[in-house]
Amino acid sequence: MTDDSRAYSPGLEGVLAGETALAMVDGANGRLLYRGYPIAELVERGTYAQVAELLWTGEWPVEAHLACAPVPDEVLAVLRALPPTTSPMDALRTAVSAWGAARRLGWPPTVNEARAITAFAPSALAAFARLRDGLEPIRPDPGLPLAAGFLSQLTGAPPDPAHARALDAYLIVGAEHGFNASTFAARVIVSTRSDLASAVAGAIGALKGPLHGGAPSEVVNQLHEMGTAEEAERWMRDALARGERLMGFGHRVYRAYDPRAAALRRVAESLAGSAEWLGMAVQVEEIALRLLAEHKPDRVIQTNVEFYAAAVLQGVGLPPDLFPATFALARHAGWTAHALEQAAANRLIRPDARYVGHGPRRLPV
Ligand code: COA
């Protein structure tokens with residue numbers, strides 16, 4: 001043991017580990033701003049392409065177009081070699097890694113690389129989703145924006161405009177959220193002067209963990225288990241009595257209503273196809289908030305982004321096991337913007353650890 005009295009915060013909680021001009025996450029007041037613009041306004045008036053450009057360059061473009069890029073042959077060969085049982089997050093991480101190997105990226109990362117990897121990832125995920133079903137991948141239509149291009153590569157049909165718009169809104173809401181675990185992982189990797197594909201592959205690995213990116217498909221599972229709104233109260237009371245958590249509620253940072261949940265609820269309401277499912281979700285939310293307030297009177301537990309993310313993703317027809325990887329597609333804009341920001345004022349991220357092991361000793365004879 002060494003005598004080290006420096007401040008230590010497990011999990012780096014509360015530690016300022018860097019500076020960013022990208023997102024302001026104001027948990028106490030339930031506000032989220034990207035470069036100063038409120039998330040609700042960005043969802044209402046912007047597109048994912050505009051929001052991504054804003055994050056990368058700092059400028060709000062009057063118009064922006066970001067289409068899905070084709071999957072290079074080298075990457076398709078890797079995706080074909082994966083077993084169909086591979087989790088979509090693992091497939092996406094592998095595809096990004098193979099893409100980086102083929103591209104041989106350098107340092108520092110550039111805005112064009114950020115655009116390229118963000119445009120490539122939806123095509124790679126759609127290609128894998130088709131391959132595991134025994135279908136051939138479809139080349140992206142360069143005229144379609146990212147969300148529409150992703151949906152049409154999944155189904156092989158022209159996307160429903162309302163679905164494309166709803167998914168675009170979901171991508172905006174998921175694009176960026178400060179120094180979360182996956183973003184921090186990306187910044188650590190870039191800080192070593194490693195390349196952008198390595199940073200994004202590492203970020204996907206961090207997002208894969210159930211403490212970070214796994215909740216929306218569990219929201220769907222819980223709603224299915226409840227069955228009907230009438231059954232929901234008994235189901236949730238029993239779950240809380242067993243010490244289980246209600247998925248889609250509570251947040252480490254937000255104490256007020258998560259502004260992303262509010263924005264996505266409006267999007268979900270615009271989806272005619274999800275009307276019945278949404279009606280149940282709205283009733284479940286009301287009951288859940290009432291029960292959680294009774295269950296934890298001293299703690300504010302509000303609806304989080306995952307609850308209405310599940311409603312939107314279900315409404316646009318995505319299978320629940322693609323939800324986490326679709327979240328990863330959204331976060332590409334944020335990860336790559338952080339990589340650019342880190343590289344622009346780089347300092348190797350290398351914290352210290354408090355040593356709690358043995359003092360010096362001799363090997364046994
Ligand atoms: N359902 C039931 N109880 C909950 C709860 C939920 N969704 N969220 C928090 N609580 C309870 C905890 O059981 C804990 O009770 P305890 O002190 O008796 O053990 C208390 O509230 C504090 O929980 P804690 O995990 O310390 O709070 P946190 O702020 O660190 O938790 C989450 C944040 C997101 C991990 C937590 O709210 C959660 O697990 N939510 C469900 C999963 C989810 O929706 N995740 C997506 C996040 S975007």
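Peptide packing: for 324-333, 41-50, the average count of neighbouring Cβ atoms within 10 Å per residue gives the ranking 324-333, 41-50, highest mean first.
Exposure proxy ranking for Tyr254, Tyr355, based on other Cβ atoms within 10 angstrom of each Cβ and starting from the fewest, stands as Tyr355, Tyr254.
Which net charge results for the neighbourhood of Asn221, defined as the other residues with beta-carbon distances under 14 angstrom from its beta-carbon, given Lys and Arg at +1 and Asp and Glu at -1?
On the way: positive: Arg245; negative: Glu218, Glu225, Glu244, Glu306, Asp321.
For residues surrounding Asn221, the net value is -4.
Compactness of segment 1-158 was expressed as the Cα radius of gyration divided by 2.2 N^0.38 Å, which yields 1.31.
Counted by neighbouring Cβ atoms within 10 Å, the residues Ile287, Ile117 run from fewest to most as Ile287, Ile117.
Quick one: grab the alpha carbon gyration tensor of segment 150-303, order the square roots of its eigenvalues as a ≥ b ≥ c, and give me rounded if a/c is under 1.5, else prolate or oblate depending on whether a/b is larger than b/c.
Oblate, because a/c is 1.5 or more while a/b does not exceed b/c.
Protection proxy ranking, highest mean first, for peptides 189-195, 59-65: 189-195, 59-65, where packing is the per-residue count of other beta-carbon atoms within 10 Å, averaged. Fully extending the segment from Ala241 to Ala344 would add 32.0 nm, taking 0.36 nm per residue of separation and subtracting the current Cα-Cα distance. Dipole orientation for the chain: of the candidates Gly243, Val282, Pro320, Gly243 has the Cα lying most toward the positive pole (charges on Cβ; Lys, Arg +1; Asp, Glu -1).
In this Cβ point-charge picture (+1 for Lys and Arg, -1 for Asp and Glu), segment 109-207 has a dipole of about 180 debye about its Cα centre. Judged by the gyration tensor of its Cα atoms, with axes a ≥ b ≥ c, segment 75-196 is oblate; a/c meets the 1.5 cut and b/c is at least as large as a/b. Here, P(r) means the percent of Cα pairs in each 5 Å bin from 0 to the largest distance; for segment 285-332 it is 5, 18, 22, 16, 12, 14, 11, 2. The three principal axes of the Cα atoms in the chain give end-to-end lengths of 68, 53, 48 Å, sorted in falling order. GNM, the chain, Cα, under 10 Å: largest mean-square fluctuation among Tyr170, Tyr308, Tyr257? Largest GNM mean-square fluctuation: Tyr257.
Out of every Cα-Cα pair in segment 247-314, what percent are more than 13 Å apart? It works out to 61 percent of all Cα pairs.
As a rough footprinting exposure proxy, the listed residues Asp168, Asp298, Asp4 were ranked by other beta carbons within 10 Å of their own, and the order from fewest upward is Asp298, Asp4, Asp168. When the P(r) of segment 214-285 is calculated, the portion above 17 Å amounts to 50% of the C-alpha pairs. For segment 26-167, build the charge dipole from Cβ charges (+1 Lys, Arg; -1 Asp, Glu) around the Cα centre, then report which of Gly46, Thr57, Pro122 sits farthest towards its positive end. Selected residue: Pro122.
Secondary-structure-derived ellipticity at 222 nm for the chain, considering helices only, amounts to -17500 deg cm²/dmol, per-run term -39500 (n - 2.57) for DSSP H runs with n ≥ 4. Dipole magnitude for the chain: computed about the Cα centre from +1 point charges on Lys and Arg Cβ and -1 point charges on Asp and Glu Cβ, it is near 1220 debye.
Rule-based calculations on the coordinates, nothing more; no lab input. Every value quoted in this text rests on a predicted model; they were computed, and no experiment measured them. Please note: Cβ atoms are built from the backbone with ideal geometry, for glycine as well, and neighbour counts cover all protein chains shown.
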